[in-house]
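Chemist: One structure follows; several queries about it will come next.
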Amino acid sequence: DTYPRECILMDATEKQRLIASGEWRAAVIAEARSWLFTPYQHKGRIKKVGVDCGGLLYECYQDIFGPFKAFPNDYPADWGMHKDGHEIYLAFIMPYVVEIAQPIRGGFSLFKVGRNFSHAAIFTERGTYIHAWGRNQAGAVVESRPTFFRMGVKAREAKHFDVRLACS
């Protein structure tokens, strides 16, 4: 269930094969793991240099399911903390995904941090999440157990998504 990066840089025929066979899930997770330990960088999207959680999501799905519209680049680092209803992630992803009841391997979750669903994480076959977590240039892409996303004893509110294959 692992795919090296060179397998993800593929032509349209290979993309369609991965999608039709369902192997895209393992490919997305392998791509996410190849970003592990990349430093956290607000608005970043460069492997081993810097990435935020939205950039990680974008880059891990782009090669198989893209091209996507440009991800918004005019958001402050704390956009999800202070203003209700400022759902940047939800607005961006909805054309490409379907909401599901539980996380699924190769799908992802958005967690409510502050007042909005402002943190994205890819769900793995291990029951863990790969995500870029940090603040003020401290942090990195990490693989965490679901308990990471708790506020004390209470789980953070989350929405779970899978790729809308009809759009690929």
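The values are calculated or read from the model by the stated rules, or taken from the named source; none is laboratory data. Given the structure is predicted, the values throughout are model-derived calculations rather than measurements. Every residue, glycine as well, gets a Cβ built from its backbone with ideal geometry; the counts of neighbours run over all protein chains shown. Heads up: the accessible areas ignore ligands, DNA and RNA and are worked out on the full protein's heavy atoms, side chains in. Shrake-Rupley method; radii C 1.70, N 1.55, O 1.52, S 1.80 Å.
Chemist: Determine which single condition residue 17 fails, assuming it passes every other condition in (1) assigned to a helix (DSSP H, G or I); (2) within 14 Å of the chain's Cα centre (by Cα).
Modeler: For residue 17, the exception is condition (2).
Chemist: Another one. Collect the residues in segment 85-114 that are under 13 Å from the mean Cα position of the chain (by Cα) and assigned to a loop (DSSP other than H, G, I, E, B), keeping them in residue-number order. Lay out the reasoning, then the answer.
Modeler: The first filter runs over segment 85-114 and keeps only residues under 13 Å from the mean Cα position of the chain (by Cα), leaving 89-90, 92-93, 96-97, 103-111.
Listed by number, the residues that qualify are 103, 104, 105, 106, 107.
Chemist: Of these, 125, 143, which one is open to solvent by 10 Å² or more (accessible area, probe 1.4 Å), farther than 14 Å from residue 87 by Cα and in a strand (DSSP E or B)? Reasoning before the result, please.
Modeler: On the way: 125 fails: in a strand (DSSP E or B).
Matching residue, one of 125, 143: 143.
Chemist: Is it the case that residue 117 is open to solvent by less than 30 Å² (accessible area, probe 1.4 Å), farther than 18 Å from residue 28 by Cβ, hydrophobic (A, V, I, L, M, F, W, C) and not in a loop (DSSP other than H, G, I, E, B)? Walk me through it before giving the result.
Modeler: Working: open to solvent by less than 30 Å² (accessible area, probe 1.4 Å): yes; farther than 18 Å from residue 28 by Cβ: yes; hydrophobic (A, V, I, L, M, F, W, C): yes; not in a loop (DSSP other than H, G, I, E, B): yes.
Taking the combined requirement at face value, the residue satisfies it.
Chemist: Additional query: Just to be sure before I move on: is residue 63 open to solvent by 60 Å² or more (accessible area, probe 1.4 Å), at pLDDT below 90 and either hydroxyl-bearing (Ser, Thr, Tyr) or not in a strand (DSSP E or B) (or both) in the structure I sent?
Modeler: On the way: open to solvent by 60 Å² or more (accessible area, probe 1.4 Å): no; at pLDDT below 90: yes; either hydroxyl-bearing (Ser, Thr, Tyr) or not in a strand (DSSP E or B) (or both): yes.
So residue 63 does not fit the description; no.
Chemist: Only residues that are among the hydrophobic types (A, V, I, L, M, F, W, C) and either touching a helix residue (DSSP H, G or I) at 6+ places or on another chain (Cβ under 9 Å) or at pLDDT below 85 (or both): list them for segment 80-90, please.
Modeler: In the first step, residues of segment 80-90 are kept if they are among the hydrophobic types (A, V, I, L, M, F, W, C); the result is 81, 88, 90.
81, 88, listed by residue number.
Chemist: Hey, another quick one. Out of 70, 77, which single residue is modelled with pLDDT under 85, within 16 Å of residue 140 (Cα to Cα) and assigned to a loop (DSSP other than H, G, I, E, B)?
Modeler: Values: 70 fails: within 16 Å of residue 140 (Cα to Cα).
From the options 70, 77, the qualifying one is 77.
Chemist: Here's another thing I want to ask about it. Is it fair to say residue 125 is within 23 Å of residue 23 (Cα to Cα) and either at pLDDT 95 or above or not β-branched (Val, Ile, Thr) (or both)?
Modeler: Details: within 23 Å of residue 23 (Cα to Cα): yes; either at pLDDT 95 or above or not β-branched (Val, Ile, Thr) (or both): yes.
Considered against the rule, which asks whether it is within 23 Å of residue 23 (Cα to Cα) and either at pLDDT 95 or above or not β-branched (Val, Ile, Thr) (or both), residue 125 comes out as yes.
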